[in-house]
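The values are calculated or read from the model by the stated rules, or taken from the named source; none is laboratory data. These numbers were taken from a predicted model, which means no experiment stands behind them. All Cβ positions, glycine included, derive from the backbone under ideal geometry; neighbour counts span all protein chains shown.
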Amino acid sequence: MSFPVRNTICQIPGYTPGEQPQESGWVKLNTNENPYPPSPRVVEAIQQAASSRLNIYPDALATPFRLAAAELFDLDPDWILPANGSDENLTVIVRTVCDSGHLIAYPYPSYVLYEALAQIQDCRLERLLLNESFAWSPEDAADLRKRSRLFFVPNPNSPTGNVWRADLLAQLLPDDGLLVLDEAYADFMDSPHRGKLLQDDRFDRRLVITRTLSKSYSLAGIRFGFSIAHPDLTSQMQKAKDSYNCDAVSIAAATAAIQDQDWMLSNRAKILATRGRLATALTDLGFAVYDSQANFIWTQHVSGRHHSIYLGLKQRRVLVRYMTFPRAGLNDGSMDGLRITIGTDQEIDQLLTALQECLTDL
Ligand SMILES: Cc1ncc(COP(=O)(O)O)c(C=O)c1O
């Protein structure tokens, strides 16, 4: 049957999220969730919120969370805009800043959701191709910044986990537009920071930072993220979000999570230790492992048989992310590999046992 649907929507493939098997028994290392539970204070806050007045609408600006995040980042609360996951912040930014036909740019390979957001808004899209060292050509960057309205950059990047320095990021600030630093994984960086580039003159305050509670705070199931930007921009973005975009239970959970920094930092420390151990073990098995400052590792095996390895692992109920980037890189080659989320030590042991079996079967 044919329904009245915008041509744009009919023509786009849409974003495909990672597999989410709902039954137990999987070692799930495919969507960069945190393997540890959220702070016990989060569970208490959820219980309390669930037994309070759920019959009335929540605070439209998630004020308790805004205040807690503002304190953490040492900013006024009007710099913070909470959302139903940082993906929603990205949507709100596009809706606020781009008319149809505006150009959206992003480094490639990175987070391909940006493509879907640009397509839904009828924007043009250009990729800034990365080379084998995940660097871009300054000439390409200079050309794109002249023409783009929005530049999205994940830092740390996904799937690779590399971090770009501030002077390089400044090369991407559009002459007449905004730079969005998607800092979903920033708490896992070697030197985590609290939005320091917002005060850096090179960015001319035309910068939006997005953060999520899904990764370092173990709250992917709750859906909560926030953006940090100048209040004059944040107040415009408020008009483009759903009225009550965060529900009462998730506001309570996210506020308790961000107020328990010790819990988050102790899980971060465990994840970084496991990441080091996994990197060494993968190298011993013939994988090239890229230096990661995130809660995942991008790796390529000497055999090049990444899809077979992914399938072999899946057969053994270990889920990692197989990724292929056609036309990746400045040399126009294609690239594929495996992105592996850092799980608990026990999960990583299970992965390594399964990997050894898969490699023998190749
Ligand atoms: C680079 C990047 N940005 C944003 C997100 C989404 O975060 P959220 O769960 O807050 O929507 C992800 C999720 O995997 C991601 O990899």
- Note on the structure: L128 passes all but one of the listed conditions (1) more than 16 Å from the ligand (Cβ to nearest atom); (2) more than 15 Å from I209 (Cβ to Cβ); (3) surrounded by 16 or more Cβ atoms within 10 Å (Cβ to Cβ); the exception is number (1)
- Query: What number of residues in segment 81-99 are within 15 Å of the ligand (Cβ to nearest atom) and not in a loop (DSSP other than H, G, I, E, B)?
  - Reply: 12
- Hey, any hits in segment 7-29 for a residue that's within 16 Å of the ligand (Cβ to nearest atom) and modelled with pLDDT of 95 or more? yes
- Query: Is one or more of the residues making up segment 18-38 of a type in the set (D, E) and within 19 Å of M237 (Cα to Cα)?
  - Reply: no
- Task: Go through segment 135-161 and count every residue that is within 22 Å of N295 (Cα to Cα) and either in the same structural domain as A273 (by TED's automatic domain parsing) or surrounded by fewer than 21 Cβ atoms within 10 Å (Cβ to Cβ) (or both).
- Result: 1
- Query: When you look at S191, is it surrounded by fewer than 18 Cβ atoms within 10 Å (Cβ to Cβ), part of a loop (DSSP other than H, G, I, E, B) and away from the ligand (no atom under 11 Å from the Cβ), yes or no?
  - Reply: yes
- Subset of segment 40-70 [surrounded by fewer than 13 Cβ atoms within 10 Å (Cβ to Cβ) and assigned to a loop (DSSP other than H, G, I, E, B)]: S51, S52, R53, L54, N55, I56, Y57
- Message: Is it the case, given these coordinates, that V163 is at pLDDT 95 or above and either touching a Lys or Arg at 6+ places or on another chain (Cβ under 7 Å) or more than 10 Å from the ligand (Cβ to nearest atom) (or both)?
- Response: yes
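For every residue, the table says whether it meets (1) over 24 Å from Y15 (Cα atoms); (2) out of contact with any Phe, Trp or Tyr (no Cβ under 6 Å at 6 or more places or on another chain); (3) of a type outside the set (V, I, T).
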position	(1), (2), (3)
R268	yes, yes, yes
A279	yes, yes, yes
V289	yes, yes, no
F296	no, yes, yes
T299	no, no, no
V302	yes, yes, no
R305	yes, yes, yes
Q315	yes, yes, yes
R327	no, yes, yes
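Given the condition assigned to a helix (DSSP H, G or I) and away from the ligand (no atom under 15 Å from the Cβ), answer yes or no: does some residue in segment 100-108 qualify?
No, every residue in segment 100-108 fails to be assigned to a helix (DSSP H, G or I) and away from the ligand (no atom under 15 Å from the Cβ).
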- Query: Taking S250, is it polar (S, T, N, Q) and free of Cβ contacts under 8 Å to residues at least 40 places away in the same chain?
  - Reply: no
